[in-house]
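**Q** One structure coming up, written as structure tokens, with questions to follow.
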Amino acid sequence: MDMSEKIKIRRKKLGLTLKALAERVGCTDAYISQIETGKAVPSISILQKIASSLDAQVSELLSDEQNKDKIFLSKDERTQIIYPESHIFAELLVSKISNKAMEPLYKVIPVGCGSLKDHKHIGEEFGYVLKGKLELKISGQTKVLEPGDSFYFSSTLPHSYKNVGDVDVETIWVVSPPVL
């Protein structure tokens, strides 16, 4: 059972309408419907709000019993994450993140896009720039990273990022522990 089915089943089990869930989450009922039919993939923040509204953990909604203990993952099997407020796109590089110590992502940041503001959380982050120019700000320090450059920092420091080049930035980004 995939995430969209789990959301729909849990919503119905709790007796919530699309509109009621949308109001709790802070989005439209049409968007919830698209998520439930697999036509849209929610951002991490929206998925966290959905999970909270359904008395579930994000990992429960993302876990896939068919992919339990899956070692190899082809690119067409990846879970896609779209950040609609910023147009950033990511794919989980593992079949599921429950019981994992890290959250590896392939992340694409379109030209001019980035995190909306500084944020911080428990953990550490590592990244490797595959393509483009990524401006990374960490605790007041700013650096523009190019293909082949990498970074590693404590997530407890305020941090933000932005694509400052003229092509999409492509990265491998690892967060530990997982934030999903």
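The values are calculated or read from the model by the stated rules, or taken from the named source; none is laboratory data. Owing to the predicted nature of the structure, the values given are computational and were not obtained by experimental measurement. Using ideal geometry, Cβ is built from the backbone for each residue, glycine included, and neighbour counts are taken over all protein chains shown.
**Q** Kindly provide the set of residues from segment 112-129 that are surrounded by 15 or more Cβ atoms within 10 Å (Cβ to Cβ) and either outside any strand (DSSP E or B) or not charged (D, E, K, R) (or both), ordered by number.
**A** Listed by number, the residues that qualify are Cys113, Gly114, Ser115, Gly123, Phe126, Gly127, Tyr128, Val129.
**Q** Looking only at residues that are farther than 16 Å from Ala56 by Cα and assigned to a loop (DSSP other than H, G, I, E, B) in segment 1-36, which one is farthest from the chain's Cα centre (by Cα)?
**A** Going through the qualifying residues, I end up with Thr17.
**Q** Please name all residue pairs, on different chains or six or more residues apart, with Cβ atoms under 8 Å, provided the first residue is in segment 154-180 and is under 16 Å from Leu116 (Cβ atoms) and in a loop (DSSP other than H, G, I, E, B) and the second residue is β-branched (Val, Ile, Thr) and at pLDDT 95 or above.
**A** Listed by first residue and then by second, the contacts come to Pro158/Ile138; Val164/Val144.
Conditions tested, residue by residue: (1) among the small types (Gly, Ala, Ser); (2) touching a helix residue (DSSP H, G or I) at 6+ places or on another chain (Cβ under 6 Å); (3) more than 30 Å from Ser33 (Cα to Cα); (4) modelled with pLDDT of 95 or more.
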{"site": "Leu47", "(1), (2), (3), (4)": "no, yes, no, no"}
{"site": "Asn67", "(1), (2), (3), (4)": "no, no, no, no"}
{"site": "Leu92", "(1), (2), (3), (4)": "no, no, no, no"}
{"site": "Asn99", "(1), (2), (3), (4)": "no, no, no, no"}
{"site": "Ile138", "(1), (2), (3), (4)": "no, no, yes, yes"}
{"site": "Phe153", "(1), (2), (3), (4)": "no, no, yes, yes"}
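**Q** Listed residues Leu73, Leu62, Leu16, Leu47; which is surrounded by 16 or more Cβ atoms within 10 Å (Cβ to Cβ) and farther than 23 Å from Val108 by Cβ?
**A** Result of the check over Leu73, Leu62, Leu16, Leu47: Leu16.
**Q** Taking the stated definitions as given, is Thr79 within 26 Å of Tyr31 (Cα to Cα) and not basic (Lys, Arg)?
**A** Taking the combined requirement at face value, the residue satisfies it.
**Q** Of these, Ile122, Ile109, which one is farther than 12 Å from Glu170 by Cα and touching a Ser or Thr at 6+ places or on another chain (Cβ under 9 Å)?
**A** Ile122
**Q** Right, something else. Being among the aliphatic types (A, V, I, L, M), closer than 24 Å to Leu116 by Cβ and out of contact with any strand residue (DSSP E or B) (no Cβ under 6 Å at 6 or more places or on another chain) narrows it down to one residue among Ile88, Ile71, Ile35; which is it?
**A** None of the others qualify; the one that does is Ile35.
**Q** Then there is this: Please work out if Ile138 is of a type outside the set (S, T, N, Q) and either within 16 Å of the chain's Cα centre (by Cα) or under 26 Å from Leu62 (Cα atoms) (or both).
**A** no
**Q** Okay, next question. For Leu105, work out the one condition from (1) assigned to a strand (DSSP E or B); (2) surrounded by fewer than 18 Cβ atoms within 10 Å (Cβ to Cβ) it doesn't fulfil.
**A** The number of the failed condition is (2).
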